[in-house]
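First up is the structure itself, then whatever we jot down about it.
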Amino acid sequence: MTLFALSGALEAGLIFGLVAMGVYISFRLLHLPDLTVDGSFPLGGAATAVAIVSGMNPFLATALGTVAGAAAGLLTAVLSVRLKIMSLLAGILTMVALYSINLRVMGRPNISLFGYETVFSPVQALFGGSIWSNAVMLAAIAIVAKLLLDWFLATEIGLALRASGENPTMSTAHAIDNDRMVIVGMVLSNGLVGLAGSVFAQSQGVADVSLGIGTVVVGLAAVIIGEASLGTSRIWLATLGCLVGALLYRLLVAVALGAGALGLQAQDLNLVTAVVVAFAVCASRARQVARGRIKCWVVARFRPRQVPPGR
């Protein structure tokens, strides 16, 4: 694998690490299958591209893309919580609607950002156009997002959100509004995905209406790989696992597509994605089974023997 391919894999891994953190909130903390991700990802890129082309500061445009993604999550949450539509169906409805909304936002299927200032322009000027300049900026964005997410999930609202997803009945008994927590979680989740779509469009130099196809699968694959690699004993470890899982996933894909002996080509990306996800799920499940068997063996081996009465 060439250095150029490696830098591209790192960039994509860091971007989809943001997606993975968003997917982690909805799938793991709230236990909701949210498919809005496939629509909020290109929405973040579309909103940012339109703002940049209109002359807005790229950092403000990135914030606008994040807010646009959060708004998509809010729509899904309202459909699910207020209108009582099944969460899976609510996500599908929002995802389908966002395709038309993205076309409306851009006015055409895609917008080119070549020749415009982006959030990567200052770093590229600092590093003299190095192939690693985008990766450095993306690493900074991903680390800041991870630290802010860790901080939020340790606050009172964050703890209430985690409790609501883990045990809604018990959280209700402790005066936690589960519906409100779902709304907060969905907004935060898709806000991270919108941020990912925003920086993805800027790094690629184009915002396209089809950018979001398969995004939720990639995000979920990164979450599963991260859990299999680092575990989920702590929140900070789980969010770190999202970044590590996304990086490992993109590196695996780059190696697979770059291995000429396998005969894989660019059009085989979805096939490679499906294989990697299936392998990650099986590995995660095997790891859990192995841990359970080891725990049972340890308990049986070192448990004190009970002496019958009278002896």
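Readers should treat all values here as calculations from the given coordinates under stated rules, not as data from a laboratory. Computed from a prediction, not measured in an experiment: that's the story for all the values here. Using ideal geometry, Cβ is built from the backbone for each residue, glycine included, and neighbour counts are taken over all protein chains shown.
The table below lists the values:
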{"item": "Debye intensity ratio in log₁₀ form over the Cα atoms of region 34-115, taken at each q of 0.12, 0.13, 0.16, 0.19 Å⁻¹", "result": "-0.35, -0.41, -0.58, -0.76"}
{"item": "Rounded if a/c under 1.5, otherwise prolate or oblate - region 136-277, Cα gyration tensor axes", "result": "prolate"}
{"item": "Relative contact order of region 3-302, pairs being alpha-carbon contacts under 8 Å that are 6 or more residues apart, as %", "result": "33 percent"}
{"item": "Convex hull volume per residue in cubic angstrom - Cα atoms of the chain", "result": "174 Å³"}
{"item": "Fewest-first sequence of 166, 11 by Cβ atoms within 10 Å of each Cβ", "result": "166, 11"}
{"item": "Length-normalised contact order for region 65-175 - Cα pairs under 8 Å, 6+ apart - percent", "result": "9 percent"}
{"item": "Low-density loop cleavage sites - trypsin sites (Lys or Arg not before Pro) in region 152-257, where at most 16 other Cβ are within 10 Å (DSSP)", "result": "234"}
{"item": "Quotient of C-alpha Rg and 2.2 N^0.38 Å, computed over region 27-186", "result": "1.21"}
